[in-house]
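Notes follow the structure.
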Amino acid sequence: MSLNREEKKAIVAEVSAQVANAEAIFIAEYRGIEVSQMTQLRAKTRESGMYFRVIKNSLVRRAVADTPYAELARHMAGPLAYGISTDPVGSAKILHEFSKGNEKFVIKAGAMGGQIMSLEDIAALAALPSRQELLSKLLGTMQAPVTKFVQTLNEVPARFVRGLAMIRDSK
């Protein structure tokens, strides 16, 4: 089904808006993948807040033309799905995990901060802890000194009470 000029302009505008807010863009080839598997992937990406869509390559080239992601245009060939996200680590994890379980889904390239990423870079990004994990570790690290201080303060009266209890028990 071909698109008329107005529909193409609308798609380019939509993708341009997503790219303007993006921190990472991933390109994956989906040749031969079953519809049910693609539907599962779309559901996962939707839950994570990633914009994931199959779009004509020429329209995406127009959308990224004057952006830091313009270098991705040389990787845009064949049937591709585009993942555009504000959470690079979470998105990389979802796509990398899906590609490990399905050899027909191949991540071709990605870009973050204007830098083109190879497959190894995307795999390394997917191995990083997510933002939520990092925040919880930071909070635990920040709470540890306060917790130890409270335990130390509590130990003085507790030791006194235990000493009184031992004296009481001995008499």
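Within the stretch 134-147, is even one residue surrounded by 12 or more Cβ atoms within 10 Å (Cβ to Cβ) and out of contact with any Leu (no Cβ under 8 Å at 6 or more places or on another chain)?
yes
If Ser99 passes every condition in (1) more than 23 Å from Thr45 (Cα to Cα); (2) among the polar types (S, T, N, Q); (3) in the same structural domain as Phe26 (by TED's automatic domain parsing) but one, which one does it miss?
Of the numbered conditions (1) more than 23 Å from Thr45 (Cα to Cα); (2) among the polar types (S, T, N, Q); (3) in the same structural domain as Phe26 (by TED's automatic domain parsing), the odd one out for Ser99 is (1).
Has the stretch 50-62 got at least one residue that is under 22 Å from Leu3 (Cα atoms) and of a type in the set (Ser, Thr, Tyr)?
Taking every residue of the stretch 50-62 in turn, at least one turns out to be under 22 Å from Leu3 (Cα atoms) and of a type in the set (Ser, Thr, Tyr).
Restricting attention to helices (runs of 4 or more DSSP H) lying wholly within the stretch 1-100, give those where 2 or more residues are under 12 Å from the mean Cα position of the chain (by Cα).
Where helices (runs of 4 or more DSSP H) fall fully within the stretch 1-100 and carry at least 2 residues being under 12 Å from the mean Cα position of the chain (by Cα), they are 35-48.
Of the conditions (1) in contact with a helix residue (DSSP H, G or I) (Cβ under 6 Å, 6 or more places away or on another chain); (2) outside the structural domain of Ala20 (by TED's automatic domain parsing), Leu135 clears all except one; give me its number.
(1)
Mind listing whichever residues of the stretch 64-102 are free of Cβ contacts under 8 Å to residues at least 12 places away in the same chain and under 15 Å from Ala123 (Cβ atoms)?
Across the stretch 64-102, the qualifying residues are Lys100, Gly101.
Say we look at the stretch 130-167 and pick out the residues that are among the small types (Gly, Ala, Ser) and within 42 Å of the chain's Cα centre (by Cα); which of these is farthest from Gly90 (Cα to Cα)?
Ala144
Given (1) surrounded by 10 or more Cβ atoms within 10 Å (Cβ to Cβ); (2) not in a helix (DSSP H, G or I), where does Glu103 come up short, assuming only one miss?
(1)
Kindly indicate whether Ser16 is surrounded by 13 or more Cβ atoms within 10 Å (Cβ to Cβ), modelled with pLDDT under 90, hydroxyl-bearing (Ser, Thr, Tyr) and closer than 27 Å to Asn102 by Cα.
no
Just give me the residues in the stretch 114-171 being in contact (Cβ under 8 Å) with a residue 12 or more places away in the chain and of a type in the set (D, E, K, R), in sequence order.
Passing the criteria: only Arg131.
The values are calculated or read from the model by the stated rules, or taken from the named source; none is laboratory data. Only a predicted model underlies this, so the values are computations on that prediction, with no experimental measurement involved. Ideal geometry is used to build each Cβ from the backbone, glycine not excepted, and the neighbour counts take in all protein chains shown.
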